[in-house]
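Below: the structure, in structure tokens.
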Amino acid sequence: MRTVEIIRKKRDGKELTSAEIHRLITNYCAGCIPDYQMAAFCAAVYFRGMNSSETLELTRAMASSGHGVDLRLVDGPVADKHSTGGVGDTTTLVVAPLVAAAGVPVAKMSGGALGHTGGTIDKLRAIDGLQTSLTAEQLASAVRKTGLAIAAQTEGLVPADEKLYRLRHATATVESPALIASSIMSKKLAGGADVLLLDVKTGGGALLTDHCRSVRLAELMVDIAAGAGLRAKAVISDMSQPLGRAVGNSLEVAEAIATLSGEGPPDLQKLSVHLAGCMLSLAGAADDGRAGRRKIDRLLHGGHGLQKFAEFVENQGGNPAIAENPSLLCTAEKRMAVRSPDGGYIASVNARTIGESAAALARRGGGQLDLSAAIVLSARVGDRMQRGQRLATLHFNQPLLADPGEIRRRVGSAFVIGDEPADPPPLIHNILGPQANN
Ligand code: URA
Ligand code: CA
């Protein structure tokens, strides 16, 4: 079938065959299909969607476009975790060391910031000397040595996704559950892990803000995993307000260290323990999620996660002393308070506005990032505020490309204050996958 006929078939809402999908991806990677045709195809998928078996075939075709990571020499099932992207989402730096401390090896490839959401690789760059550019062999060997490695995507992992993601970004076709699911899962299949915990964010600060579309994304990813023989669960967690208090690279590392010391923000700790407990049960290291959470709680309060974090930092070339002394991390010189204009109750905190404002504080000339820039929140949904009470603090260095006074105004506008008490949103909305509710 010619490319134009495959596009027409999807445009008309029909199901594509496995052969059609594989031909499309192979020919696109080989440079035989021009971007304008692939853009039309992405738009057709954006509007018409794909069912689970089409999405699985798209994922398989993309995953086999490059060089995967071979983790067969690592003992036992290897675990991976993925978040669809949030604001202040530091969970990887808490969850991965705790799971590794429980004896389940973790091999995780992460990305940098995407839009208003942060990325684990930028957070790790705040740790002096820590290397995240590892080859596939170095990644496997780091996991064998300490049970934990976190690295940037290895070179040539899924070239089909690199090419397609750039095109989707330029054609407003990123926000499609089928295209996001195949993009994420192709990298997860090529990453070589045996079990996978997916943290699918939902709400204003998430990639997909709508709850139904978030559920659809989670279902597609769990179905792809099942079809590909990867044990996976998806937790749909709240991203209507930022997670934890810190939003910004270096202070998020400090927040992860505080959490591993048992002194983190309650929401970050609770979600991290939940995700880590799920990973233990998926890997067979706990009978169910509840038993997994109990085990993780013991490791957290015994300092074992923090110790594993220090080993991981040292193994990848950073200074492990930051685990005991987070003040060694870079800090910004200037502080500016954002204060409540009224008394009342916090009805909502716009996570997207906070994420965009934190990114603006960190933006330097020449595309550089100030890793010490951050917004630290002092108030969450449901809190009672007095007029003039602190809502947040901006951390930044001068000279700044943006006007800090304008950023302060925007951050202030992210807080909606009402007269009536407001209930905080649930931290976890749904769980999908085998024995979902354990
Ligand atoms: N993250 C990815 O890796 N791919 C997407 O399409 C969206 C978020
Ligand atoms: Ca945070």
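What aspartates and glutamates sit close enough to LYS14 to cross-link, taking a C-alpha to C-alpha distance under 13 Å and skipping anything fewer than 8 places away on the same chain?
GLU5, GLU54
Gain in length, PHE47 to ILE428, computed as 0.36 nm per residue apart minus the alpha-carbon separation, to one decimal in nm?
134.3 nm
For the chain, take the longest principal axis of its alpha carbons; what is the angle in degrees between that and the long axis of helix 136-146, to the nearest 10 within 0 to 90?
The angle comes out near 50 degrees.
Name the residues whose placed amide hydrogens come within less than 5 Å of the amide hydrogen of PHE415, ignoring near sequence neighbours (fewer than 5 apart) on the same chain.
It is ASN350, by chain and number.
Can you classify segment 213-304 as rounded, prolate or oblate using the Cα gyration tensor, where a ≥ b ≥ c are the square roots of its eigenvalues, rounded means a/c under 1.5, and otherwise it's prolate if a/b beats b/c and oblate if not? If you can, show how the numbers build up before the last one.
Values: a/c = 2.52, a/b = 1.31, b/c = 1.93.
Judged from the Cα gyration tensor, segment 213-304 comes out oblate (a/c at least 1.5, b/c at or above a/b).
Please list, ordered by chain and number, the residues whose modelled amide H lies under 5 Å from the amide H of SER110; skip anything fewer than 5 residues away on the same chain.
For SER110, the qualifying residues are ALA151, ALA152, GLN153.
Hey, can you rank 195-207, 133-145 by average C-beta count inside 10 Å, highest first? Before the final figure, lay out each step's value.
Working: 195-207: 26.2, 133-145: 17.2.
Taking the mean over residues of other Cβ atoms within 10 Å, the ranking is 195-207, 133-145.
Any chance you could give the angle, 0 to 90 degrees and rounded to 10, that helix 91-101 forms with the longest Cα principal axis of the chain?
80
Which one of GLY302, GLY366, GLY115 has the biggest mean-square fluctuation once the chain is modelled by GNM with Cα springs under 10 Å?
Maximum fluctuation in the GNM of the chain, among the listed residues, is at GLY366.
Among CYS29, THR146, ALA323, flag the residue with its Cα farthest along the positive direction of the charge dipole of the chain, charges on Cβ as +1 for Lys/Arg and -1 for Asp/Glu.
CYS29
What FRET efficiency would be calculated for the residue pair ALA30, ASP75, taking the C-beta separation as r and a Förster radius of 45 Å, to the nearest 0.05?
Result of the calculation: an efficiency of 0.75.
Please compute the modelled spin-label separation between ASN325 and ARG410, points set 7 Å along Cα→Cβ, answer in nm with one decimal.
It is 3.6 nm.
I need the trypsin sites (Lys or Arg not before Pro) found in segment 326-397, filtered to DSSP loop residues with at most 15 other beta carbons within 10 Å of theirs. Let's see the in-between values first.
Values: sites: LYS334, ARG335, ARG339, ARG352, ARG363, ARG364, ARG380, ARG384, ARG387, ARG390; in loops: ARG364, ARG380, ARG387.
Within segment 326-397, the qualifying trypsin sites (Lys or Arg not before Pro) (loop, at most 15 other Cβ atoms within 10 Å) are ARG364, ARG387.
Nearest 10 degrees, 0 to 90: what angle lies between the long axis of helix 18-29 and the longest principal axis of the chain (Cα atoms)?
Helix 18-29 sits roughly 70 degrees off the main axis of the chain.
Using θ = phi - 60° and the Karplus relation 6.51 cos²θ - 1.76 cosθ + 1.60, list the HN-Hα couplings for segment 345-356 in order, rounded to whole Hz, with x at every Gly or Pro.
For segment 345-356, the Karplus curve yields 10, 6, 8, 7, 10, 6, 5, 5, 4, 5, x, 5 Hz.
Structure shown: which of LYS233/LYS270; LYS187/LYS270; LYS108/LYS308 lie over 25 Å apart, alpha-carbon to alpha-carbon? Kindly include the intermediate steps, with their values, before the conclusion.
Numbers: LYS233/LYS270 17 Å; LYS187/LYS270 27 Å; LYS108/LYS308 15 Å.
Going by Cα-Cα distance, LYS187/LYS270 fall outside the 25 Å limit.
Taking H placed 1.01 Å from N in the peptide plane, check which residues at least 5 places from ALA392 or on another chain put their amide H under 5 Å from its amide H.
VAL338, SER378
If we sort 323-332, 212-221, 272-281, 21-30 on the protection proxy, mean other Cβ atoms within 10 Å, highest first, what's the order?
Details: 323-332: 15.6, 212-221: 22.1, 272-281: 27.7, 21-30: 18.8.
So the order, starting with the most tightly packed, is 272-281, 212-221, 21-30, 323-332.
Return the sequence-ordered ³J(HN,Hα) values of segment 362-373 in whole Hz as given by the Karplus equation 6.51 cos²θ - 1.76 cosθ + 1.60 applied to θ = phi - 60°, using x for Gly and Pro.
Ordered by residue, 3J(HN,Hα) equals 8, 6, 10, x, x, x, 7, 10, 8, 6, 8, 5 Hz.
Of all DSSP beta bridges in the chain, what percent run antiparallel (nearest 5)? Mind showing how you got there, number by number?
Numbers: 24 of 43 bridges.
Taking every DSSP beta bridge with both residues in the chain, the antiparallel ones total about 55 percent.
Residues of segment 356-372 with the amide nitrogen closer than 18 Å to a label point 7 Å from the Cα of GLU333, along Cα-to-Cβ, please.
361-365, 369-372
Ranked highest first by the average count of other Cβ atoms within 10 Å around their residues, in what order do 164-172, 249-257 fall? Don't skip to the answer; put the middle values down first.
Numbers: 164-172: 16.1, 249-257: 27.0.
So the order, starting with the most tightly packed, is 249-257, 164-172.
Along the charge dipole of the chain, pointing to its positive end and built from +1/-1 on Cβ of Lys, Arg, Asp and Glu, which listed residue (ILE417, LEU98, HIS301) has its Cα farthest out?
Of ILE417, LEU98, HIS301, it is ILE417.
Add -39500 (n - 2.57) for each DSSP H run of 4 or more in the chain, then divide by its residues: what number comes out at 222 nm, to the nearest 500 deg cm²/dmol?
Working: 16 runs with 196 residues, N = 438.
Rounded to the nearest 500, the figure is -14000 deg cm²/dmol.
Could you give me the ³J(HN,Hα) list for segment 270-281, computed from phi with Karplus coefficients 6.51, -1.76, 1.60 and θ = phi - 60°, whole Hz, x at Gly and Pro?
5, 5, 4, 5, 5, 5, 5, x, 4, 5, 5, 5
For the chain, set up a Gaussian network in which alpha carbons nearer than 10 Å are linked by springs, and say which option among LEU114, LEU427, LEU394 fluctuates the most.
LEU114
Can you figure out the FRET efficiency of GLU420 with ARG144, using R₀ = 60 Å and their beta-carbon distance, to the nearest 0.05?
On the way: r = 56 Å, r/R0 = 0.93.
My answer for the efficiency is 0.60.
Could you look at the chain and say what percent of its accessible area is carbon and sulfur, using a 1.4 Å probe and all protein chains? Numbers along the way, then the final one.
Working: 8550 of 17800 Å².
Within the chain, the accessible surface is 48 percent carbon and sulfur.
The values are calculated or read from the model by the stated rules, or taken from the named source; none is laboratory data. All figures in this text were calculated on a predicted structure; none of them were measured in a lab. All Cβ positions, glycine included, derive from the backbone under ideal geometry; neighbour counts span all protein chains shown. Accessible surface is based on the protein model in full, side chains and every heavy atom, while ligands, DNA and RNA are left aside. Shrake-Rupley method; radii C 1.70, N 1.55, O 1.52, S 1.80 Å.
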